[in-house]
Amino acid sequence: MRILLHACCGPCSTTCLEDLLGQGHEVTLFYSDSNIYPYEEFEKRGAYLKQVAEHYHVDYVIDSWDHEDWLDAVSKVDGYQGMGEGLGRCSACFSFNLKRAEKWAKEHGFDGFATTLTVSRFKNSSQIFESAKDLDGFLCMDFKKHDGFSRSCRLARELGLYRQSYCGCEFSRH
């Protein structure tokens, strides 16, 4: 199966790639995260994602950074600026980024697409799946299973990857 893997960062991509490649899938990483702020952070994460793609010998795509459109999408959620992680703003963010992945996957003939977001212990996989329920070709893969998060942390250390301290949006920035 040819899978487009929406990727939030290099560290989270490691164990997801190992799982998918180990199952015999052909995988392309798709870095589409207009939520990441500031732009320099977006670039930094993209550079480390490229390193992961090269390590695993997979193709990767870096989508355009469209932070203004992302802000517009999440601003439709009442109280979005003051919300903590895991609430309505996050669902709107997941939907925004996964819709872009859906569009790219369709335009480029992929069999389906998934996201690395489910590997994080800080993200609720059910919330991600709910945000993607109406998307064509979305594969509900929970990469947290089988110690996925801990493994991604170990692999990130082994590969010397940058591990960020916030999800990426300015509302979660420490």
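Quick note: the coordinates plus some simple rules give every number you see, no bench work behind them. Since the model is a prediction, treat every value here as computed from it, not as a measurement. Don't worry about glycine lacking a Cβ; one is built from the backbone with ideal geometry, like all the others, and counts go over all protein chains shown.
If you place +1 on the Cβ of every Lys and Arg, -1 on the Cβ of every Asp and Glu, and leave all else neutral, what size is the dipole of the chain about its Cα centre, to the nearest 20 Debye?
560 debye
For region 1-84, what does the alpha-carbon gyration tensor say about shape, rounded, prolate or oblate, given a ≥ b ≥ c as the root eigenvalues, a/c under 1.5 as rounded, and a/b over b/c as prolate?
Prolate, because a/c is 1.5 or more and a/b exceeds b/c.
When the C-alpha atoms of region 101-163 are aligned to their principal axes, what extent does each axis show, in angstrom, from largest down?
35, 25, 18 Å, listed from the longest principal axis down.
Tell me which lysines have Cα within less than 22 Å of Lys145's Cα, excluding those fewer than 8 residues away on the same chain?
Those lysines meeting the cut-off are Lys123, Lys133.
Within the chain, which complete DSSP H helices have Cα atoms spanning at least 15 Å along the helix axis and a mean Kyte-Doolittle hydropathy of -0.5 or higher?
For the chain, where a helix must reach 15 Å along its axis and average at least -0.5, the hits are 10-22, 148-159.
Evaluate the Debye formula for region 42-94 with equal point scatterers sitting on the alpha carbons, no solvent, and hand back log10 of I(q)/I(0) at q = 0.25, 0.26, 0.29 Å⁻¹, in q order, two decimals.
Log-scaled intensity ratios, in q order: -0.90, -0.93, -1.03.
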